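What follows is calculated from the coordinates using simple rules that are stated; it is not laboratory data. Source: prediction; values computed, not measured. A quick note on method: Cβ atoms are made from the backbone with ideal geometry, for glycine too, and the neighbour counts reach across all protein chains shown.
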Ligand SMILES: Nc1ncnc2c1ncn2[C@@H]1O[C@H](COP(=O)(O)OP(=O)(O)O)[C@@H](O)[C@H]1O
Ligand SMILES: [Mg+2]
């Protein structure tokens, strides 16, 4: 279980999060929704140790990790896929996976870990010797996700995996995340601007606005509150 209590994040004078409190549970997808600039990335970075937390507590399974450096949180099973598809573009698919694996706990030997990735995304096996920069957007997102799962995280933080992808690819990626978190009882936090699609797979969600949680509840409750329409209106 992941618990944030009254978390503030500030970049110098710019306060990105104000008293954010939320809980995310194993085997479930928790959506963090909000318009551009609402604080979604800051929230995921705060959990992984990459954003300056100025107040509040962050606990995983009861342990306060709020003051640990990022690499120690990673060792405790926190894994972030940052927005913008960050890959080693001149390296091959397999090399990217190998680097990701080497930063994990290495519980599973690399060849077996690779086999699991290829079973989930056969296209990555076909492209294993090609550079990742040559992959399509959807394939790059599959590689990013695989770079996270190959570390066998207990807490998987995904920053806008749907960005710029066709709906059919987004569906495939969300289906994978759903099945993965259920099978492995992973705690997933999914930051998304695409509220409608995210709420279809999430168990619960929190809506951020200007760094504050303005609404939280089950996906059904958020859908009933017409949160999707409200967020769409925010873009107009
Ligand atoms: N490194 C940074 N330095 C200064 N301000 C930042 C930094 N990162 C984000 N911000 C600001 O924090 C706020 C929240 O940004 P962010 O967390 O990226 O939102 P989102 O991911 O929802 O688009 C925005 O006002 C943004 O400009
Ligand atoms: Mg963001």
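General observations
- Segments 26-32, 11-17, 140-146 sorted - mean Cβ within 10 Å per residue, highest first: 140-146, 26-32, 11-17
- The residues 209, 127, when put in order of fewest to most other Cβ atoms within 10 Å, stand as 209, 127.
- Paramagnetic label zone (point 7 Å from Cα along Cα-to-C-beta, residue 116; backbone N under 12 Å) in segment 150-169: 150-154
- Whether segment 1-113 is rounded, prolate or oblate, judged on the alpha carbon gyration tensor where a/c under 1.5 counts as rounded: prolate
- Between residue 82 and residue 126, the contour length at 0.36 nm per residue exceeds the alpha carbon distance by 13.3 nm.
- Nearest-ten-degree value, helix 110-120 long axis tilted from longest Cα axis of the chain: 70 degrees
- Segment 94-128 and segment 133-205 have Cα centres spaced 17 Å apart.
- Sites residue 89 and residue 175, calculated FRET efficiency, Cβ-Cβ separation with R0 30 Å, nearest 0.05: 0.70
- Given their separation in residues at 0.36 nm each and the Cα-Cα distance between them, residue 14 and residue 59 gain 13.8 nm when the chain is fully extended.
- Order of 8, 61 - criterion: other Cβ atoms within 10 Å of each residue's Cβ, fewest first: 61, 8
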